[in-house]
């Protein structure tokens, strides 16, 4: 993602399995190829300085490269380079004090809507201003693009399950924005740990919508196990302020009508599988998508 979106960030990785240092056997091979992995990924790397006076020049080199290339830069930190430090506990939301409401909107006699209908309803309920829509990889992002390509849209590609963590970071950095993540059942299952992190850290500016068609649609419609999963209960247990689940399209309307919610909001909507005919691929690259979104919210690296 950092390559196609051209996102610069600093990486500091400890050198587990460093040759010549006794370590656990599972780190042996990784230690031998750590530098090679960065080379293959085209990420410049160097050994983190062992002398205090060398740190600032090294960081300046990294900053210069990242500013010029919009790419990551890595430091490999050997054992003993940094003295042990006392950790400060991170402050996060006390979810035990939340009401954690849950509501179901199922109708056994109602046909599941398709993804396109659900996306249209999400767009109808969300304004362009002060709102960012992040669509998961696969057909979701492509269908959203085909309906209405906006400056406030982000289409995640090749990263199943990463849309929600990407959205959380943006929601924390910009609490003035409403962040809407459109997920899928396969993506939600792939990164289910994100639910716990979102529940513990996100505020009420985070809306997480999971469109569940019980298959990995864009890779051949292989079944997921979502038929057996109560996503709303998982969201509730992880600390989301309100969770909705159902197969009625009105669920989307209710999701956006919630007021004074405590914590993030979750909506799980059952949909039918399949996609529209001649589904287009975005003719705008990930880097351009990201840059126009950043311009839309008046920010930069």
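Counting other C-beta atoms within 10 Å, which of 254, 86, 178 has the fewest, and how do the rest follow? List each step's numbers first, then the result.
Working: 254 16, 86 4, 178 20.
Placing the least packed residue first, the sequence is 86, 254, 178.
For the range 186-301, compute Rg over Rh where Rg is the Cα radius of gyration and Rh is the Kirkwood radius from the inverse mean 1/r over Cα pairs.
1.01
Defining a contact as two alpha carbons under 8 Å apart and six or more residues distant in sequence, what relative contact order in percent does the range 193-301 show? Please list the in-between numbers first.
Values: 141 pairs, mean separation 36.0, N = 109.
After rounding, I find 33 percent.
So for the pair residue 79, residue 225, with labels modelled 7 Å out along Cα→Cβ, what separation do we get in nm?
About 3.7 nm separates the two model spin labels.
Can you give the three extents of the C-alpha atoms in the range 69-188 along their principal axes, from longest to shortest, in whole Å?
Cα extents, longest axis first: 64, 44, 29 Å.
Restricting to the chain, what percent of DSSP beta bridges are antiparallel, rounded to 5?
Working: 2 of 41 bridges.
Given both bridge residues lie in the chain, the antiparallel proportion sits at roughly 5 percent.
What is the extension gain from residue 43 to residue 300, computed as 0.36 nm multiplied by their sequence separation minus the C-alpha to C-alpha distance, in nm to one decimal? The partial results should precede the final answer.
Details: separation 257, 0.36 × 257 = 92.52 nm, distance 2.13 nm.
So the extension gain works out to 90.4 nm.
In the range 120-225, what is the volume of the convex hull around the alpha carbon atoms, normalised per residue and reported in Å³? The partial results should precede the final answer.
Numbers: hull volume 9.8 nm³, N = 106.
So the per-residue hull volume is 92 Å³.
Once the Cα gyration tensor of the range 2-77 is found, what semi-axes does its equivalent ellipsoid get, as square roots of 5 times the eigenvalues, in whole Å, sorted largest first? Don't skip to the end; give the middle numbers.
Values: eigenvalues 115, 57, 11 Å².
Over the Cα atoms of the range 2-77, the ellipsoid semi-axes are 24, 17, 7 Å.
Taking R0 as 45 Å, what's the FRET efficiency between residue 2 and residue 111 from their Cβ-Cβ distance, rounded to 0.05? Show your work: numbers first, answer last.
Numbers: r = 41 Å, r/R0 = 0.92.
For R0 = 45 Å, the calculated efficiency reads 0.65.
Once the principal axes of the Cα atoms of the chain are found, what is the range along each, listed largest first in whole angstroms?
Its Cα atoms span 68, 45, 38 Å along the three principal axes.
Once each part is reduced to its C-alpha centroid, what is the distance from the range 243-287 to the range 44-101 in angstrom?
For the range 243-287 versus the range 44-101, the Cα centre distance is 35 Å.
Obtain the nm distance between the two label points defined at residue 67 and residue 284 by a simple spin-label model: each point lies 7 Å from its Cα along the Cα-to-C-beta direction.
Going from the residue 67 label point to the residue 284 one covers 2.8 nm.
Relative contact order of the range 96-296: what whole-number percent is it, with Cα pairs under 8 angstrom and at least 6 residues apart?
On the way: 420 pairs, mean separation 59.9, N = 201.
Over the range 96-296, the number comes to 30 percent.
No lab work stands behind these numbers, since they all come straight from the coordinates. Predicted model, so just to flag it, every value in this text is computed and none were measured. Counting neighbours? That spans all protein chains shown, and the Cβs are built from the backbone with ideal geometry, glycine included.
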